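Every number in this text was worked out from the coordinates using simple rules, so none of it is lab data. Note that the coordinates shown come from a computational prediction; the quantities given were computed from them, not determined experimentally. With ideal geometry, Cβ positions are generated from the backbone for all residues, glycine too; neighbour counts draw on all protein chains shown.
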Amino acid sequence: MRKKISWFVGALLLLLTGIVIGGCEKQQAPPPVGKVEITSTPSGAEIFLRGRRVGTTPDRLSGPPGRYRVRLEKPGCQPRWLVFELRRGEVRKEEVTLPEQGACVLLTSRPTGAEIVRDGKVQGSTPLVLSGLMPGDYSVQVRRPGFAERAVSWHVGDVRPQQVMVTLDSNIGQLIVESKPSQALLKIDGRDCGYTPYKADIEAGIHRVQLEKAGFLAVDARVTVERDRETRKTFDLAMQPGSLAIRSTPAGATVRLDGKAVGVTPLVVPDLAAGEHQVEVSKDGFDTASRNVEVAAGSRAEVEMLLDSSTGGIDLSVFPAGVTVYVNDREYGRVKEAENTARTELIRLRNLPPGSYRITAAHKRADPERVTVTVPVVKGQVARPRPIELWVPNVEVKWRSSGLVEIGMVYAETEDTVTFGAARGVKIPYNRSEFEYIKPLEIQE
């Protein structure tokens, strides 16, 4: 391969200058050279250094150490620059691919500033030059806010430059958004737009409209705006539901809300329309209570209902144990002995509607067999009539002095005395020592 002297002109001149300046000083040896082999695809590219042609690929060049910047050119291909560092004694290889020279296309639009999208990627905005286009068919999307998007195609047949002009059509309509009530916060496509009522020019198409107002349910809707037309949309905002907590004293009362049974107290009614509601609470034995309650949107109202008793009661002592008690001729039960006392358990009648009640105490061995009293009952009060006492023999006794055995009734006992009667209406206290024995009788009927 032929030697390229032109590479060394500068180096030789520098060397000669050094010799002249040095005068009689000792001559220094030139620095060792490096070599570079340059190949290209396609081959036959001309190699230029500092604007001068120094070879054609493939070629081997030599030179002193340093940084080199060479240019490769070949007709029909795009030129390429090659930059490398050559070290002393180094032999390096450089391979360069020269792409085919393509055409340039200038894309313009009316109006300007339109975005150019090619193969899904944004290339820039008009006016825009696309270079290096090989022969073939091309297409891009041209879009600009407020204008209809357009697809543009062209053909490249050779390397001659082209210009492609696109005229975009306006894509604007007018949108009016109103709400009832007004002054709702408005967002269009996620962007804050102030409060309703709202009026503005907007790009045609489908837009997301969102409305928010305290105490009302949010609105999220889609509105289609047509080009060159007015689109008016009015939204009726629904109030947020509230809730109502209802308690009663006593608890366990049935609740009717606006005439419909909803449960038993204590109770919380959710998802209740804002406004006034009628609450009615009822329970057996108590007067029904009702009240109107105002429920605010998005909040909970609370109401406490105090029920007044609508009934009365009777507390009655009946003696002795084992006597059967009837209330209005219906059997109530037998009288029981009270614990830890000689008396009997109190008869307690409750939840009685006001009126008169016949209380009867009966026993087959009683004298008389039945005793009936009439007791008036007043709402909210407990009647306490005089005790009913039947004479029912309940013991057998033997007198110590006479040895006489009698059947009678023990009315009361203490550790030392016994109140005994051998006939109805007789109650005489005796010393316990006067009896040889006191034997209880089975009194149950």
Just subtract the alpha-carbon distance of K439 and S401 from 0.36 nm times their residue separation and send over the number in nm, one decimal. 12.0 nm
How large is the dipole of the chain about the Cα centre if only Lys and Arg carry +1 and Asp and Glu carry -1, each at its Cβ, rounded to the nearest 20 debye? 3420 debye
For E90, residues with placed amide H under 5 Å, excluding near neighbours: K35
Of T126, V392, A361, which is farthest on the positive side of the dipole of the chain, counting Cα position, with +1 on Lys and Arg Cβ, -1 on Asp and Glu Cβ, and the Cα centre as origin? T126
Simple spin-label estimate for D271 and Q174 in nanometres, 7 Å along Cα-Cβ: 4.2 nm
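Kindly work out what percent of the DSSP beta bridges joining two residues of region 242-305 are antiparallel, to the nearest 5.
Values: 19 of 25 bridges.
Counting DSSP beta bridges with both partners in region 242-305, the antiparallel share is about 75 percent.
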I'd like to know which of Y332, V410, M239 lies farthest towards the positive end of the charge dipole of the chain, counting +1 on Cβ of Lys and Arg and -1 on Cβ of Asp and Glu. M239
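Quick check on packing: order 385-398, 194-207 by the mean number of other C-beta atoms within 10 Å, highest mean leading.
Numbers: 385-398: 17.6, 194-207: 15.4.
Result, highest mean Cβ count within 10 Å first: 385-398, 194-207.
Roughly speaking, what is the stretch gain from D367 to K187, that is 0.36 nm per residue apart minus the C-alpha to C-alpha distance, in nm to one decimal?
Here the segment from D367 to K187 would lengthen by 55.4 nm.
Which FRET efficiency value, to the nearest 0.05, do you get for E304 and L346 by plugging their Cβ-Cβ distance into 1/(1 + (r/R0)^6) with R0 = 30 Å?
Working: r = 33 Å, r/R0 = 1.11.
Computed FRET efficiency for E304 and L346: 0.35.
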Cα-based Rg (one decimal) and Dmax (whole number) for region 395-440, in Å? 9.5, 24
Normalised contact order of the chain, rounded percent, pairs of Cα under 8 Å and 6 or more residues apart: 7 percent
Using the per-residue mean of other Cβ atoms lying within 10 Å as a proxy for protection, in what order, highest first, do the peptides 260-269, 52-61 fall? 52-61, 260-269
Say the cut-off is 24 Å between C-alpha atoms; which of K336/K364; K283/K379; K74/K121; K260/K283 go over it? K74/K121
Where the centre of each part is set by its Cα atoms, how far does region 139-178 sit from region 231-264, in angstrom? 57 Å
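Calculated FRET efficiency, L82 and E230, Cβ-Cβ r, R0 45 Å, to nearest 0.05? Present the calculation step by step, with values, prior to reporting the outcome.
Numbers: r = 64 Å, r/R0 = 1.42.
Efficiency, from the Cβ-Cβ distance: 0.10.
In terms of the Cα gyration tensor, with a ≥ b ≥ c the square roots of its eigenvalues, is region 316-432 rounded because a/c is under 1.5, prolate because a/b exceeds b/c, or oblate? Please report the intermediate quantities before stating the final value.
Working: a/c = 2.96, a/b = 2.18, b/c = 1.36.
Note, shape of region 316-432 comes out prolate.
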Residue list for region 137-178, given a label point 7 angstrom along the Cα-to-Cβ vector of T108 and an amide N cut-off under 13 Å: 162-167
At 0.36 nm per residue, and after removing the present C-alpha to C-alpha distance, how many nm does the segment from V91 to V378 gain when stretched out fully? 90.7 nm
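Rounded if a/c is under 1.5, else prolate if a/b is larger than b/c, else oblate: which is region 103-167, with a ≥ b ≥ c the root eigenvalues of its Cα gyration tensor? List each step's numbers first, then the result.
Numbers: a/c = 2.06, a/b = 1.78, b/c = 1.16.
Cα axes put region 103-167 in the prolate bin.
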Add -39500 (n - 2.57) for each DSSP H run of 4 or more in the chain, then divide by its residues: what number comes out at 222 nm, to the nearest 500 deg cm²/dmol? -1000 deg cm²/dmol
Which value, in debye to the nearest 20, gives the size of the charge dipole of region 103-167 about its Cα centre, when Lys and Arg are +1 and Asp and Glu are -1 at the Cβ? 180 debye
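Can you tell me how region 87-231 classifies by the Cα gyration tensor, rounded, prolate or oblate, using a/c under 1.5 as the rounded cut?
Prolate, since a/c reaches 1.5 and a/b exceeds b/c.
Tell me which GluC sites (Glu not before Pro) from region 404-438 have a DSSP coil assignment and no more than 15 other beta carbons within 10 Å of their own. Spell out each step's value before the answer.
Values: sites: E406, E413, E415, E434, E436; in loops: E415.
Loop-located and lightly packed - E415.
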Set of region 223-243 residues, backbone N closer than 11 Å to the point 7 Å along the Cα-Cβ line of V293: 243
Between helix 9-22 and the chain: long-axis angle, C-alpha atoms, 0 to 90°, nearest 10: 70 degrees
